[in-house]
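Where a number appears in this text, it was derived from the coordinates with a stated rule and is not lab data. Because the structure is a prediction, the values reported are computed rather than measured. No Cβ is skipped: glycine too gets one built from the backbone with ideal geometry, and neighbour counts run over all protein chains shown.
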Amino acid sequence: MRFRLISYRSYSSSFAAITQCQISHFARLGQIDRARNIFEDLQSKTVTSWNAIVAGYFHNKRPGEAQKLFDKMPERNTISWNGLVSGYIKNGMISEARKVFDKMPERNVVSWTAMVRGYVQEGLIEEAELLFWRMPEKNVVSWTVMLGGLIEDGRVDEARRLFDMIPVKDVVASTNMIGGLCSEGRLSEAREIFDEMPRKECGCLD
């Protein structure tokens, strides 16, 4: 019988992944104090474990504690900063989210999209638009979020123009656009988009 030796590095990585899952699990269950105890018991805290506990406090509607922990982090990455922005947005603190966004040392498409989505969720469509057009890079999620914001704001003509600019349209963007057109009785336009969809998952034209 052969035994496979497990290196200390592999064991440490596995242990770190398990504890991170535990922190996230108990935080989602509302047991943030238990999650915090697991975090504090860690002899070696990674940036991932710090991110997990910060996210846990945001999930439990304790943004103040989340910010305090973030400020104590010995090391941060882009995920850490994105988590702070998203955490404030989820707690309805859009102004705080924007302050964090503006002082981020480095932003990626996730950072920009999260902030645009935050404005859309708060009904601040003009602010979302201003930020959207400043984005150095956009992905299909970015386009779809902005499209949905315009449709929800009743600006279907502008949404249609934006839709036509999307380089790669997914089923979510197409379905949202069809819904916006149907709400205004523009069924022939909606049908055109429906017929161009690679997957037909919209029920408003059945």
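The relative contact order of segment 9-75, computed from alpha carbon pairs under 8 Å that lie at least 6 residues apart in sequence, is 30 percent. Within the straight-line cut-off of under 23 Å between alpha carbons, the lysines reachable from Lys68 are Lys45, Lys90, Lys99, Lys103, sequence neighbours fewer than 8 places apart in one chain being disregarded. Applying a length cut-off of 15 Å (Cα extent along the axis) and a mean Kyte-Doolittle floor of 0.5 to the DSSP H helices of the chain leaves 47-59, 109-121, 140-152, 171-183. Stretched out straight at 0.36 nm per residue, the stretch from Arg62 to His25 would grow longer than its current Cα-Cα span by 11.7 nm. Checking (1) 1.00; (2) 1.10; (3) 1.17 against the coordinates, the calculated Rg/Rh (Cα atoms, Kirkwood Rh) falls under label (2).
Could you work out the relative contact order of the chain, using alpha carbon pairs under 8 angstrom and six or more residues apart, expressed as a whole percent?
It comes to 10 percent, rounded to a whole number.
The eigenvalues of the Cα gyration tensor, multiplied by 5 and square-rooted, give segment 9-75 an equivalent ellipsoid with semi-axes of 19, 14, 8 Å from largest to smallest.
Placing dummy labels 7 Å off each Cα toward the beta-carbon, the span from Glu75 to Arg155 is 4.3 nm. The ranking of Asp102, Asp157 by Cβ neighbour count inside 10 Å, starting from the fewest, reads Asp102, Asp157. How about segment 116-181: which chymotrypsin sites (Phe, Trp or Tyr not before Pro) there lie in a loop by DSSP and see at most 16 other Cβ atoms within 10 Å? Of the chymotrypsin sites (Phe, Trp or Tyr not before Pro), the ones in loops of segment 116-181 whose Cβ has at most 16 other Cβ atoms within 10 Å are Trp133. Per residue, the average separation of C-alpha pairs within less than 8 Å and at least 6 apart gives segment 91-193 a relative contact order of 19 percent.
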